[in-house]
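Engineer: What follows is a single structure, and I will ask about it in a moment.
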Amino acid sequence: MFVILSGVSGSGKNTVINELLKEKENRFLIKSATTRERRESDNAYQFMTEEEFDRRQANGEFFETVQAHTCRYATQNSELKKIIENPQNLYLKDIDVVGAQKIVEFLKDKAKVFTIFLDVSDDVLHQRLLERGESEEKAQLRLSRGKMERTYKQKYDLVIHNDDLNKTVKIIDKILKKEGF
């Protein structure tokens, strides 16, 4: 099964994924390729230079790519292959709203997919972005993209207002346990 978490920047996608992965068998992270700078305790990405990203994109190694917040992100074909070939495992990935729709369409007859959109109020979001070291300019850029991302909420299986990490993880974990994970 493949669980996609999308949402506005700073909504806690990777924090939730890290909690869901703790001490669980058959649960794995699908990493995105990215050109963005590494943050402290950042394990959800395979970091690369612009040149490496260009080369790998030209070689057809990415299923989809997106430019967001001045950085580039991609889903690797090799990671999607893992999901298709290992249905006994649970895979989790943070992905933008446009890429999520492309992957859902691609996997519809190949793997079970469950989509979750995480949201928080703009006030909380702004505070989280500043606390993790974003400049005011970058925080505003991420907030403006959040308006577009929220227009996709109705396309998700579950929408959670993530103002309480423990509550959010419990809701998702309960669903995953019903699915055998």
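Engineer: Looking at region 57-79, is at least one residue surrounded by 19 or more Cβ atoms within 10 Å (Cβ to Cβ), within 13 Å of the chain's Cα centre (by Cα) and over 21 Å from Leu141 (Cα atoms)?
Structural biologist: Within region 57-79 (the criterion being surrounded by 19 or more Cβ atoms within 10 Å (Cβ to Cβ), within 13 Å of the chain's Cα centre (by Cα) and over 21 Å from Leu141 (Cα atoms)), the answer is yes, since at least one residue qualifies.
Engineer: Could you tell me whether region 156-178 includes any residue that is in contact with a Phe, Trp or Tyr (Cβ under 8 Å, 6 or more places away or on another chain) and not aliphatic (A, V, I, L, M)?
Structural biologist: Yes, there is a match, as at least one residue in region 156-178 is in contact with a Phe, Trp or Tyr (Cβ under 8 Å, 6 or more places away or on another chain) and not aliphatic (A, V, I, L, M).
Engineer: Restricting attention to region 81-91, does a residue exist that is part of a helix (DSSP H, G or I), out of contact with any Phe, Trp or Tyr (no Cβ under 9 Å at 6 or more places or on another chain) and either basic (Lys, Arg) or surrounded by 13 or more Cβ atoms within 10 Å (Cβ to Cβ) (or both)?
Structural biologist: Yes, that holds for at least one residue.
Engineer: While we're looking at this one, here's another question. Hey, among Glu52, Glu64, Glu23, Glu19, which residue is out of contact with any strand residue (DSSP E or B) (no Cβ under 9 Å at 6 or more places or on another chain) and either modelled with pLDDT of 95 or more or on the phi < 0 side of the Ramachandran plot (or both)?
Structural biologist: Among Glu52, Glu64, Glu23, Glu19, only Glu19 is out of contact with any strand residue (DSSP E or B) (no Cβ under 9 Å at 6 or more places or on another chain) and either modelled with pLDDT of 95 or more or on the phi < 0 side of the Ramachandran plot (or both).
Engineer: Also, quick follow-up: Given the criteria touching a residue at least 12 places away in the same chain (Cβ under 8 Å), more than 24 Å from Val124 (Cα to Cα) and touching a Phe, Trp or Tyr at 6+ places or on another chain (Cβ under 6 Å), does Ser32 qualify?
Structural biologist: In short, yes.
Engineer: Looking only at region 125-138, which residues are more than 15 Å from Glu37 (Cβ to Cβ) and among the aliphatic types (A, V, I, L, M)?
Structural biologist: Once the filter is applied, which keeps residues that are more than 15 Å from Glu37 (Cβ to Cβ) and among the aliphatic types (A, V, I, L, M), region 125-138 yields Leu125, Leu130.
Engineer: Give the residue that is nearest to Ile84 (Cα to Cα), with candidates limited to residues of region 98-118 that are under 19 Å from the mean Cα position of the chain (by Cα) and loosely packed, with under 13 Cβ neighbours inside 10 Å.
Structural biologist: Among those that are under 19 Å from the mean Cα position of the chain (by Cα) and loosely packed, with under 13 Cβ neighbours inside 10 Å, it is Lys108.
Engineer: Next question. Within region 21-29, is even one residue part of a helix (DSSP H, G or I), surrounded by 12 or more Cβ atoms within 10 Å (Cβ to Cβ), under 16 Å from the mean Cα position of the chain (by Cα) and not β-branched (Val, Ile, Thr)?
Structural biologist: Yes, because at least one residue in region 21-29 is part of a helix (DSSP H, G or I), surrounded by 12 or more Cβ atoms within 10 Å (Cβ to Cβ), under 16 Å from the mean Cα position of the chain (by Cα) and not β-branched (Val, Ile, Thr).
Engineer: Here's something else I'd like to know. Would you check if there is a residue in region 119-131 being more than 18 Å from the chain's Cα centre (by Cα), surrounded by 15 or more Cβ atoms within 10 Å (Cβ to Cβ) and either of a type outside the set (A, V, I, L, M, F, W, C) or in a helix (DSSP H, G or I) (or both)?
Structural biologist: yes
Engineer: Within region 152-181, which residues are surrounded by fewer than 15 Cβ atoms within 10 Å (Cβ to Cβ), part of a loop (DSSP other than H, G, I, E, B) and modelled with pLDDT of 95 or more?
Structural biologist: Asp157
Engineer: Read through the list (1) of a type in the set (S, T, N, Q); (2) over 19 Å from Leu92 (Cα atoms); (3) not in a helix (DSSP H, G or I), then give the number of the only condition that Thr115 fails.
Structural biologist: (2)
Engineer: When region 132-152 is examined, which residues are found to be hydroxyl-bearing (Ser, Thr, Tyr) and more than 17 Å from the chain's Cα centre (by Cα)?
Structural biologist: Result: Ser135, Ser144.
The values are calculated or read from the model by the stated rules, or taken from the named source; none is laboratory data. Source: prediction; values computed, not measured. Counting neighbours? That spans all protein chains shown, and the Cβs are built from the backbone with ideal geometry, glycine included.
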